[in-house]
Amino acid sequence: MEKMGILGPRGTHSEAAAVKLNEFSAKKFELVIFKEIFETLNAVEEGKVDAAFVPVENSLEGSINITLDTLAHSDSFIVTRELIYPVHNHLMAREGVKLSAVKKIFSHAQPISQCRNYLQKNFPHAEINPVASTARAAEMVANFETSEGCAAICSERAGTLNGLKILAKEIQDNNSNRTRFLEVRRRPKNFNVYKMMGDKNLIICQIDGSKPGALYEVLGEFARRNINMVRIESRPARTELGAYIFFFDLEVDNFRRLLFESVEAVRRKSIWLKNLGIFPVLKA
């Protein structure tokens, strides 16, 4: 059985999404917990796991920069699948704690932000405590006395694992909250991206920012061939001030030859370019 690294601890949205991905998979995998995203991806590079499953973007909070930076600064990776996973935030507490008695709320900073309106409306005087993860919040709340009135914003799985009950369901301010996860594997020898099949192509490149119109010329290669660019992101190249790396998510349609032509044209206009693969997009 293959091993897949994920961001832990047990009960995080990453683990819940990985469990869902396993349902889509013909070959099941064993989940291996890591403390950080960089550590998870590094385990793939070092051959400790066969794949990593990491968040890359949240629809409300934006990109996960450590994922982008790690993919950009290694030549070892390819992307083989994407999963779009809906985020469900629940307010959970120990048995015996009533909603009206909640005084302290624990969660990761992102869910706290995603539930800001709910918290302001229903718990304007509660003590809000950011912690390392939603799973950690559930662990902490499980160890408080019921008289302390503590609750966690977490996934139902995290709460259940720690013996908590739901006080309020789906408390996120926006029900369209989604997180994109990528399945990342080590690049095989003699890798040929153009033999891969799927819905999306991810490329990363650095262009000469000192040249006027450099980005415009790159975008023109896609536009002239009618290639739909579903996402563009920039990150500092970490070489000098003003140097940037660009991430392009390109839609794959029936005219694959035009996609390949555009990518190779962009390669010629770039300082360097990495093609991380063509892959299917799954929706939970």
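The values are calculated or read from the model by the stated rules, or taken from the named source; none is laboratory data. These numbers were taken from a predicted model, which means no experiment stands behind them. Neighbour counts run over all protein chains shown; Cβ positions are idealised from the backbone, glycine included.
The residue of segment 119-143 that is surrounded by the most Cβ atoms within 10 Å (Cβ to Cβ), among those that are among the polar types (S, T, N, Q) and in a loop (DSSP other than H, G, I, E, B), is 133. Restricting the search to strands (runs of 3 or more DSSP E) fully inside segment 188-284 and requiring at least 2 residues that are without any contact (Cβ under 8 Å) to a residue 40 or more places away in the chain gives 229-236.
Out of (1) at pLDDT 90 or above; (2) surrounded by fewer than 17 Cβ atoms within 10 Å (Cβ to Cβ); (3) not assigned by TED's automatic domain parsing to the domain that holds residue 107, the odd one out for residue 208 is which? For residue 208, the failing item is (1).
Checking 254, 228, 275 one by one, the residue that is loosely packed, with under 14 Cβ neighbours inside 10 Å and in contact with a strand residue (DSSP E or B) (Cβ under 7 Å, 6 or more places away or on another chain) is 228 and no other.
If you filter segment 24-50 down to residues that are surrounded by 21 or more Cβ atoms within 10 Å (Cβ to Cβ) and at pLDDT 95 or above, you find that the one that is farthest from residue 235 (Cα to Cα) is 49.
Taking the listed residues 7, 99, 60, the one that is hydrophobic (A, V, I, L, M, F, W, C), crowded, with 23+ Cβ neighbours inside 10 Å and farther than 19 Å from residue 277 by Cα is 7, with no other qualifying. No other residue among 89, 162 is among the polar types (S, T, N, Q), over 24 Å from residue 64 (Cα atoms), surrounded by 15 or more Cβ atoms within 10 Å (Cβ to Cβ) and in contact (Cβ under 8 Å) with a residue 12 or more places away in the chain apart from 162.
Of all the listed residues (67, 80), the sole one being of a type in the set (Ser, Thr, Tyr) and buried (at least 18 other Cβ atoms within 10 Å of the Cβ) is 67. If you go through segment 126-140 one residue at a time, do you hit one that is more than 29 Å from the chain's Cα centre (by Cα) and within 27 Å of residue 62 (Cβ to Cβ)? For segment 126-140, residues more than 29 Å from the chain's Cα centre (by Cα) and within 27 Å of residue 62 (Cβ to Cβ): present. Select, from 101, 126, 158, the only residue that is closer than 20 Å to residue 12 by Cα, hydrophobic (A, V, I, L, M, F, W, C) and out of contact with any His (no Cβ under 6 Å at 6 or more places or on another chain). So the residue among 101, 126, 158 that is closer than 20 Å to residue 12 by Cα, hydrophobic (A, V, I, L, M, F, W, C) and out of contact with any His (no Cβ under 6 Å at 6 or more places or on another chain) is 158.
Candidates are the residues of segment 182-205 that are over 28 Å from residue 20 (Cβ atoms) and either modelled with pLDDT of 95 or more or of a type in the set (Lys, Arg) (or both); the one that is surrounded by the most Cβ atoms within 10 Å (Cβ to Cβ) is 205. Take the conditions touching a strand residue (DSSP E or B) at 6+ places or on another chain (Cβ under 9 Å), part of a strand (DSSP E or B), of a type in the set (A, V, I, L, M, F, W, C) and surrounded by fewer than 19 Cβ atoms within 10 Å (Cβ to Cβ) and apply them to residue 153. Does it pass? Answer is no for this residue. Taking the conditions (1) out of contact with any helix residue (DSSP H, G or I) (no Cβ under 6 Å at 6 or more places or on another chain); (2) modelled with pLDDT of 95 or more; (3) not assigned by TED's automatic domain parsing to the domain that holds residue 24 in turn, residue 213 satisfies each one other than (2).
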